[in-house]
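Each remark here refers to the structure printed beneath this line.
The values are calculated or read from the model by the stated rules, or taken from the named source; none is laboratory data. As the structure is a computational prediction, the values presented were derived from the model and not from experiment. Every residue, glycine as well, gets a Cβ built from its backbone with ideal geometry; the counts of neighbours run over all protein chains shown. Calculation scope for accessible area: heavy atoms of the full protein, side chains included, ligands and nucleic acids excluded. Shrake-Rupley method; radii C 1.70, N 1.55, O 1.52, S 1.80 Å.
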Amino acid sequence: MGLPAAGLHLLSLLVLSQQGASCPDRGCCFQELPPPSAAPNPGLSADSDWGPTDLSCYRTPGHGYQCSWRYEGPTAQLRHFLRCCMHDACGSRCCCYFEAAAGATRVQFSEQDGVSVLSSVSLWVESRVGNRTARSPELRLRLYRWVRYDPPDREAIAVSRTGQTLRLEWEAQVEADAVQAQLRRRTPRGDWQQADCGPQDEAGPESCPCPLLPDAAQEIQVRRRRLERSGAAGGPWSSWSGPVCVPRGDLRAPDVSFVAEPLGLDGTRLVSVREQPPEPEQPEGCRDVASGARVSHWVRVRMRSCGCRPQPASEERLARGLRLSGAAYDLDVFSRSRFGAGPPQKWALPARDPAGRLELTAGAGAGDAALRWPARAPGTTYCLEWRPHARAGPAGAPAHCELTAPLDGGPAGVVSLRWAPPGPQCYRVAVFASERPDNASAWASVASRYLFWGNHLAAGAPRQVRVSGLDGAAPAVSWTNSTLADCPGALLRYVVHCGDDAGSATELQVKPPETRVTLHGLRAGALYTVQVRADSAWMRGAWSPPQRFRLGARQTAGPPGPDAEVLRITAPTPARPSPPEPETPHASIVLASLGSFVGILLLGALGYLGLSRALWHLCPPLPTPYASTAVEFPGSQGKQAWPWADPGGLPEEAHPAETLVVMAWDEADAPEAPEGTGASEARVSARVAGLPLLLADRRQGARDGAGPGPPRTAEDGRAPSASGPGAGP
């Protein structure tokens, strides 16, 4: 803190030895001031207020000592002298001077320049203009203890934010004494406002709190000075630091909208901002582009397509245009300052299909398809994405994708990839390419198309084909759209075929979405057949079931409407391949089957009757034994229920009334019923009456040796038998 006593003694001897000698080239000169000029200054009047003011002398750590002042007045023939008088160094008043450089208002010196820095000294400035001299107020101080610190470097001041409070912090200089700090701040259209930071902790870094302004940027400067142990000032204030720029506290999302241009040949489109958000106003010291009060606007890009790849979000400055592919993107626009990013404004960029289309080749029986597209640069990564397309379903159907390894183009400049669709459906297939697949902004569209995968023949057949207006000369054929119509670009055309029974036929191609055609040139009374077919872009469809119709009486038909297609019947063309054989309608099949069944029944009935008559003539029946008493029943007994006898328990000789045998009988041979007897009763009586004759025939055959068993006689008590077809009772 002080020089040794030996150093002070040598310094005193040096000061005394310089008296009476010439002044050295540098150092404090212990001689009288040079005499003033005799010529007066013509620009200086007697009552002019001029001279040096605000003298300040101090020690600067690491830089020696310095005295500076301000001067107001004429500058012609101007000379400044810094006078220094020491009281303790040489026992009596010893004075010396430093002459400032021409035009300078500052003098720097060191401890070796003859000025006592440990003892009290008096300092003042004398300014001479011609023959006149002006003097500043005198300072008395100890130079070594009066220290002026340097302000903190602007780049070394760290700014942090906690809520709505700022904290400025910087590393302290190596000093053992306490330090006091102050700050001042201003807004873009405000004046300086000064505040005290309070005493600093000697063991840690120096800091200063400051409130954060939510609606304006601010410029902040810091200064510091030394404090004595007692709390008194130990030196002058340092100069103000460079500006520390702080943005406004609330970072609002910029209100912007985007404009996307059409896709170019390279598969990218330019996405630019319709109107740039305005830049916030800055204070005077923060108008530099690199100042910390600047608020920049950014856009974060996320690619919604190709979810099978790594999806880091790429960020771009909003001032620059974005080059993006035709995929769908999520754009987050936000503001960023030195304290971080603010809330984003979300923008959904819809997808756009490229002009190129995919070449499709279905795999033969393998259930997959071969997709081909133009190759890009070697080492390009491709992403194949497919999404089920449902026109009437939800718009956000999940998408699936497949990421390839970096590929090179084939010999023909194309890339081929096998793709197996998960099921029969309409898909939107798209291909993207990138040499940097981890960057969301580095992708480009290659090709895309809608693809119907499934049974094209079944899907291509139109539904509900109708023929209307048969009472006129120009009937109309209409049909319901094919399933292919729900897949954009899959349905190429409808083909209407109409032919008559004479062999004349014609075909007409109808462009979707038209589903109606008018027939002209038809003959009344002729039978016509009409069929409709739907063709896809890569395969022919199947013909609809044939619809037959016949025109009524000939009528005059007006010209067709402007929105109806016209089909005219022309002569048959030999080279034209005949359409597939029309299928028989279900109603015709049912009628034919019913007729066949009825015919078979009639033939069976006629055959049965014919055979019965033939057997009647070939084998006439036995005569009915009307005179036999064995089958006579009382009239009242014909209405009784006769019991059935067990054939196994039938005795060898039984009463005829206890035996009943039922067999087939032709009603034509039954005897006529007597009057007053019902038809049913007569029929039963006739059948029972023939029973004894049959039994008698069997017994007679047994007696003659025609069958086994002992011979029987009439005397056994049984009914007599009839011999021959004409035997009587």
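Here are some residues: A134, A89, A76. Which one is at pLDDT below 95, over 60 Å from the mean Cα position of the chain (by Cα) and either open to solvent by 40 Å² or more (accessible area, probe 1.4 Å) or closer than 30 Å to R224 by Cα (or both)? On inspection, the qualifying residue turns out to be A76. Tell me which residues, restricted to the range 343-363, are surrounded by 15 or more Cβ atoms within 10 Å (Cβ to Cβ), at pLDDT 85 or above and not polar (S, T, N, Q). Scanning the range 343-363 gives P344, W347, L349, A351, R352. Only strands (runs of 3 or more DSSP E) whose full extent lies in the range 434-484 are considered here, and the ones with at least 3 residues that are surrounded by 22 or more Cβ atoms within 10 Å (Cβ to Cβ) and modelled with pLDDT under 90 are 444-453.
If you check L318, L263, L251, L270 for being among the hydrophobic types (A, V, I, L, M, F, W, C), under 18 Å from Q345 (Cβ atoms) and open to solvent by 10 Å² or more (accessible area, probe 1.4 Å), only one passes: L251.
The condition of being under 30 Å from I157 (Cα atoms) and not hydrophobic (A, V, I, L, M, F, W, C) holds for E316.
Entry remark, the range 133-150: residues being of a type outside the set (V, I, T) and part of a strand (DSSP E or B) number 6 in total. Inspect the range 257-268 for any residue being assigned to a loop (DSSP other than H, G, I, E, B) and touching a Pro at 6+ places or on another chain (Cβ under 7 Å) and give the result as yes or no. Yes, there is a match, as at least one residue in the range 257-268 is assigned to a loop (DSSP other than H, G, I, E, B) and touching a Pro at 6+ places or on another chain (Cβ under 7 Å). So which residues in the range 137-149 are open to solvent by less than 20 Å² (accessible area, probe 1.4 Å) and not aromatic (F, W, Y), if there are any at all? L143, V147, listed by residue number.
What's the total number of residues in the range 298-342 that are at pLDDT 90 or above, among the basic types (K, R) and under 24 Å from A447 (Cβ atoms)? Residues in the range 298-342 being at pLDDT 90 or above, among the basic types (K, R) and under 24 Å from A447 (Cβ atoms): 2 in total.
The numbered conditions (1) modelled with pLDDT of 70 or more; (2) in contact with a Lys or Arg (Cβ under 9 Å, 6 or more places away or on another chain); (3) not in a strand (DSSP E or B) are all true for C23 except (2). The residues of the range 492-506 that are at pLDDT below 90, touching a Leu at 6+ places or on another chain (Cβ under 8 Å) and not hydroxyl-bearing (S, T, Y), listed by number, are D500, D501. Any residue that is among the hydrophobic types (A, V, I, L, M, F, W, C), more than 24 Å from V159 (Cβ to Cβ), touching a Gly at 6+ places or on another chain (Cβ under 9 Å) and part of a strand (DSSP E or B) - is there at least one of those in the range 273-291? Yes, the range 273-291 contains at least one residue that is among the hydrophobic types (A, V, I, L, M, F, W, C), more than 24 Å from V159 (Cβ to Cβ), touching a Gly at 6+ places or on another chain (Cβ under 9 Å) and part of a strand (DSSP E or B). Scanning the range 57-88 for residues that are in a loop (DSSP other than H, G, I, E, B) and among the aliphatic types (A, V, I, L, M) gives a single hit, A76.
For the condition part of a loop (DSSP other than H, G, I, E, B) and open to solvent by less than 30 Å² (accessible area, probe 1.4 Å), S238 qualifies.
Residues in the range 154-161: is at least one open to solvent by 70 Å² or more (accessible area, probe 1.4 Å) and β-branched (V, I, T)? No, the range 154-161 contains no residue that is open to solvent by 70 Å² or more (accessible area, probe 1.4 Å) and β-branched (V, I, T). Residues in the range 94-128 that are in a loop (DSSP other than H, G, I, E, B), among the hydroxyl-bearing types (S, T, Y) and open to solvent by less than 30 Å² (accessible area, probe 1.4 Å): S116, S119. Cβ-Cβ contacts under 6 Å between residues 6 or more apart (or on different chains), taken from a first residue in the range 313-328 that is under 13 Å from E261 (Cα atoms) and in contact (Cβ under 8 Å) with a residue 12 or more places away in the chain to a second residue that is of a type in the set (D, E, K, R) and open to solvent by 50 Å² or more (accessible area, probe 1.4 Å), are listed as G326/R352. Taking the conditions exactly as written (at pLDDT below 90, polar (S, T, N, Q) and crowded, with 21+ Cβ neighbours inside 10 Å), does Q276 satisfy them or not? Criteria not met by Q276.
Among residues of the range 202-212 being open to solvent by 60 Å² or more (accessible area, probe 1.4 Å) and in a strand (DSSP E or B), the one that is nearest to R225 (Cα to Cα) is P209.
Residues of the range 403-418 that are under 22 Å from the mean Cα position of the chain (by Cα) and in a strand (DSSP E or B): L403 alone.
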